[in-house]
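Trainee: Have a look at this one.
Bear in mind that the values in this text are calculations on the coordinates, not laboratory data. Note that the structure is predicted; figures quoted are calculated from it, not measured. Cβ sites come from the backbone with ideal geometry, for glycine too, and all protein chains shown count toward neighbours.
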There are 2 protein chains.
Amino acid sequence: MKYDFSARAHTLMSSPLLSIRTQTRRGSVISLAEELPAEELFPLPLLAEAASTVISADAQALQYGDPEGYGPLREWLADDWLKGKGVHIPGDGVLLTTGSQQAVDLLSRVYIDPGDRVLVENPTSPGFLQALRMQGAVIIPVQGDREGLLPEDLREKIVRHRPKVLFAAPSFTNPSGILWSLKRRKEVLEACVSHDVLIVEDDSYGDLHFKRQDRSGSKYPSLYALEDAGEDGHVLYIGSFSKTVAPALRTGWAAGSRELIGVMAAAKGMADWQSSSLNQRLLYHLLHASPFNLREHIALLNREYGTRLKLMAELLKRAAWKDSTYDLPAGGMFLWVSLPEGLDAGILLKNALRKGVVFLPGPLCTADDSGSRYIRLNFSHPGRDELLLGMNLMSEAVSEFTARS
Amino acid sequence: MKYDFSARAHTLMSSPLLSIRTQTRRGSVISLAEELPAEELFPLPLLAEAASTVISADAQALQYGDPEGYGPLREWLADDWLKGKGVHIPGDGVLLTTGSQQAVDLLSRVYIDPGDRVLVENPTSPGFLQALRMQGAVIIPVQGDREGLLPEDLREKIVRHRPKVLFAAPSFTNPSGILWSLKRRKEVLEACVSHDVLIVEDDSYGDLHFKRQDRSGSKYPSLYALEDAGEDGHVLYIGSFSKTVAPALRTGWAAGSRELIGVMAAAKGMADWQSSSLNQRLLYHLLHASPFNLREHIALLNREYGTRLKLMAELLKRAAWKDSTYDLPAGGMFLWVSLPEGLDAGILLKNALRKGVVFLPGPLCTADDSGSRYIRLNFSHPGRDELLLGMNLMSEAVSEFTARS
């Protein structure tokens with residue numbers, strides 16, 4: 001039969017992300033395209049021990065759980081983790097999700113109707129754009145600079161478009177790696193609060209801060225912590241263990257007003273009943289009852305990722321990149337690099353693929369046409385040798401165009 | 001701020017399923033309401049060993065995987081499991097999901113636009129109804145009897161409403177426990193094929209067949225196996241390990257035409273990137289490289305569940321139930337019981353709750369107003385003592401009404 005898909009299913013079918021993944025899987029391609037952490041740093045022995053202990057201890061670990069997720073892990077997040085970041089929230093203000101992307105999707109489903117206007121950074125996360133397009137949102141990019149969103153442009157667009165939501169990642173925006181200044185955080189929050197725009201704040205990369213001196217988070221507080229509204233606040237705070245512990249545990253969270261979390265939990269029940277409570281119990285055991293220390297583990301990741309970033313920055317000093325520009329981020333997983341005038345990211349990708357390397361082309365991160373002159377390079381996953389080889393191939397791919405012109 | 005939820009979020013907020021769950025969690029209530037397998041039968045030692053082995057063997061087990069799920073488990077399903085049921089499908093025609101409910105939700109999102117008409121059994125699964133309502137479908141119940149859907153009513157409704165999809169569970173329909181006859185299977189398939197109605201066939205309960213003599217499945221083939229269309233077929237076949245191995249692994253699947261599966265996989269990537277590949281690898285190890293035998297394990301479940309069903313049926317012979325009727329199912333997890341004339345399921349629930357027992361009220365399983373005189377009782381989860389106590393409390397709750405009238 002000829003399948004008659006829904007109207008917005010077509011926004012998914014045209015996704016070039018899929019074809020990049022398919023290409024990458026075909027063997028010996030080096031990927032600078034994805035958002036993967038370095039698997040050689042996973043705490044494998046402690047995870048294996050945690051899994052074995054949790055399963056042996058209690059058959060409930062394999063039973064259905066609650067749509068909201070495993071209670072003790074929600075409490076741990078509220079009491080032991082978020083509080084340290086100035087995020088004050090009760091355990092029942094936390095919903096465990098299948099990674100942070102599901103938190104984004106669930107919020108979109110319960111909050112956005114087709115035609116609703118939604119503000120995003122420019123560039124912004126491909127995951128935001130996919131979920132918003134599927135929901136039929138009208139996506140409006142807000143201009144920014146190295147300090148974060150531009151308050152004038154934000155206010156102007158709020159007044160003109162009356163958006164319902166702003167999606168943002170103030171700490172190491174995917175893909176630009178921008179860390180918003182405190183002043184901008186305050187200005188953005190103030191503009192959204194005064195016009196009742198809900199802020200979806202994705203802090204999945206916030207802990208990957210390579211040079212942080214100040215652990216209290218007072219220099220770069222989350223928008224959630226800045227508002228500190230308790231119930232009825234304007235910020236939904238999203239995070240994940242995917243970048244800090246391991247992605248395959250598929251455990252992210254949304255934290256916020258109990259009313260918002262309650263409706264999202266109902267949507268979660270409808271969507272998949274619940275995420276794996278086995279994985280949630282495993283994480284809780286790791287964090288709570290094993291020698292694993294999450295803060296120390298994150299410090300380890302940051303040392304290694306900081307080194308990889310420096311290596312990539314060194315390699316970008318080669319002649320091929322002389323007409324490219326980028327801002328060196330203080331954290332995150334990505335470099336957002338402009339291409340020389342006239343070189344299109346999609347065309348470069350075809351050439352790079354032939355050479356055996358892939359990256360994320362800019363248009364996947366933009367809601368307007370500004371992305372075609374940019375590429376996103378991931379430095380967290382490739383080991384140093386792979387990074388060197390991958391960047392050699394990238395340099396070759398770029399050179400062939402710049403030499404020609 | 002006052003949250004401005006999306007139009008269909010309200011279909012979730014009114015869900016009485018949530019309040020039943022909340023009540024059940026508050027301590028000493030016996031639940032005959034849920035869809036839980038018996039946790040005392042989980043293969044815990046083998047699962048603990050599998051988890052430990054899988055995590056220790058390969059850091060990739062903790063890394064991001066593919067939206068489609070772990071390749072070897074998809075191949076195992078295609079080659080070792082589904083083939084034995086007459087379901088011929090290539091590995092890339094299988095999508096791994098977070099339980100069967102996510103397969104239902106993803107198909108709904110990529111196939112159904114608001115206002116599209118969708119056929120369901122009557123009564124039908126609460127999970128179907130929730131996903132369809134969230135998608136804005138117009139839900140049309142089709143009449144059935146002990147043999148399955150009535151072909152005349154089905155054909156009449158196809159012609160009148162031009163539906164896009166039929167959602168059905170021919171083997172042990174949730175909640176009625178009906179096992180469609182072969183004749184009906186053929187008639188329903190034929191009607192849908194001739195009018196290009198896609199069939200979403202949920203076979204999550206199909207293996208829980210207590211008296212099956214014939215393992216080949218030839219007596220009650222799935223609609224998928226009956227059509228055996230390969231690509232472009234009219235049936236999407238859904239199943240799950242939740243009822244046969246353990247729910248907390250959150251591993252279900254959709255199998256069908258590669259075109260359908262491809263679009264659903266793209267939606268899966270948007271919704272949560274992927275389910276836990278750790279859990280999928282753990283399952284694969286259990287099924288492929290451990291002494292665990294899934295067919296033997298299912299036989300063990302069926303002996304125990306068959307015994308619990310008999311016990312429940314015995315307890316329904318008491319005086320309180322003399323004006324109730326039900327059909328004894330040959331499998332599944334539920335009894336669907338009619339209440340005495342004039343007794344409403346919602347009112348009975350309030351009384352039962354006071355006594356310390358809960359069940360699923362019929363209206364959660366019906367798209368029309370036929371459900372209020374029915375209740376769904378689960379016999380798979382409560383142990384024999386709990387079942388006895390729970391049914392004593394139920395009998396009391398019913399007697400108070402029947403004695404009064």
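Trainee: Rule-of-thumb check for the stretch A:143-264: C-alpha Rg over 2.2 N^0.38 Å?
Mentor: Rg over 2.2 N^0.38 Å, computed on Cα atoms: 1.06.
Trainee: Add -39500 (n - 2.57) for each DSSP H run of 4 or more in chain B, then divide by its residues: what number comes out at 222 nm, to the nearest 500 deg cm²/dmol?
Mentor: -13000 deg cm²/dmol
Trainee: Using all Cα-Cα distances in the stretch A:223-304, what percent lands in each 10 angstrom bin from 0 up to the longest?
Mentor: Pair shares across the bins are 15, 36, 36, 13, 0.
Trainee: Using modelled backbone amide H atoms (1.01 Å from N, in-plane), which distant-in-sequence or interchain residues come within less than 5 Å of A:Tyr374's amide H?
Mentor: Long-range HN contacts for A:Tyr374: A:Leu339, A:Ala345, A:Gly362.
Trainee: Quick check: the distance between the Cα centres of the stretch B:269-285 and the stretch B:88-146, to the nearest angstrom?
Mentor: The stretch B:269-285 and the stretch B:88-146 have Cα centres separated by 22 Å.
Trainee: Can you list the distances in nanometres, one decimal and ascending, from the A:Pro90 label point to the identical position in each other copy, with the point 7 Å along Cα to Cβ?
Mentor: Inter-copy label distances (nm, one decimal, shortest first): 5.4.
Trainee: May I pose another question? What is the order of A:Phe5, B:Phe128, fewest Cβ neighbours within 10 Å to most?
Mentor: A:Phe5, B:Phe128
Trainee: Cα gyration tensor of the stretch B:332-405, axes a ≥ b ≥ c as square roots of the eigenvalues: rounded (a/c below 1.5), prolate (a/b > b/c) or oblate?
Mentor: Taking the square roots of the gyration eigenvalues as a ≥ b ≥ c, the stretch B:332-405 is oblate.
Trainee: Report the net charge of residues surrounding A:Pro175, where surrounding means a beta-carbon distance below 14 angstrom and charges are Lys +1, Arg +1, Asp -1, Glu -1.
Mentor: -3
Trainee: Now a separate question. Under a point spin-label approximation (7 Å from Cα along Cα-to-Cβ), what is the B:Lys2-B:Leu389 distance to one decimal in nm?
Mentor: 4.7
Trainee: Could you give, in nm with one decimal, how far B:Thr24 is from each other copy of that position, shortest first, with labels 7 Å out from Cα toward Cβ?
Mentor: Distances between equivalent label points, in nm: 3.9.
Trainee: State, as an integer percentage, the relative contact order of chain B based on alpha-carbon contacts under 8 Å between residues 6 or more apart.
Mentor: 24
Trainee: May I ask you to list the trypsin sites (Lys or Arg not before Pro) in the stretch B:116-214 that are in a DSSP loop and have at most 10 other Cβ atoms within 10 Å of their Cβ?
Mentor: Passing both the DSSP loop test and the Cβ count: B:Lys211.
Trainee: Here's something else I'd like to know. Enter the per residue convex hull volume of the stretch B:294-368, computed from alpha-carbon coordinates, in Å³ rounded to the nearest integer.
Mentor: Considering the Cα atoms of the stretch B:294-368, their hull volume per residue is 130 Å³.
Trainee: Per residue of A:60-71, count partner chain C-beta atoms within 10 Å of its C-beta, then hand back the mean as an integer.
Mentor: Mean number of neighbouring Cβ atoms from other chains: 5.
Trainee: Could you please report the charge total around A:Met134, scoring K, R as +1 and D, E as -1 over all other residues with beta-carbon less than 12 angstrom from its beta-carbon?
Mentor: Neighbour charge sum, excluding A:Met134 itself: +4.
Trainee: Scan the stretch A:224-288 for GluC sites (Glu not before Pro) in coil per DSSP, keeping those whose Cβ has at most 16 other Cβ atoms within 10 Å, and list them by number.
Mentor: Taking the stretch A:224-288 and a limit of 16 other Cβ atoms within 10 Å, the loop GluC sites (Glu not before Pro) found are A:Glu231.
Trainee: Report the semi-axes of the equivalent ellipsoid for the stretch A:1-153 in whole Å, largest first, where each axis is √(5λ) for an eigenvalue λ of the Cα gyration tensor.
Mentor: 32, 24, 21
Trainee: For A:Asp113, go 7 angstrom from Cα along the Cα-to-Cβ vector, then report the distances to that same point in the other copies in nm, smallest first.
Mentor: 1.8
Trainee: So what is the diffusion coefficient of chain A in µm² per second by Stokes-Einstein at 4 °C and 1.567 mPa s, using a Kirkwood Rh over Cα pairs?
Mentor: Roughly 59 µm²/s, to the nearest whole number.
Trainee: Measuring from the lowest to the highest alpha carbon on each principal axis, how far does the protein assembly as shown reach, largest first, in angstroms?
Mentor: Principal axes ranked by extent give 86, 52, 52 Å for the Cα atoms.
Trainee: If I take R0 = 60 Å and measure r between the Cβ atoms of B:Glu400 and A:Ala319 in this structure, what FRET efficiency does the formula 1/(1 + (r/R0)^6) give, to the nearest 0.05?
Mentor: In this case the efficiency is close to 0.10.
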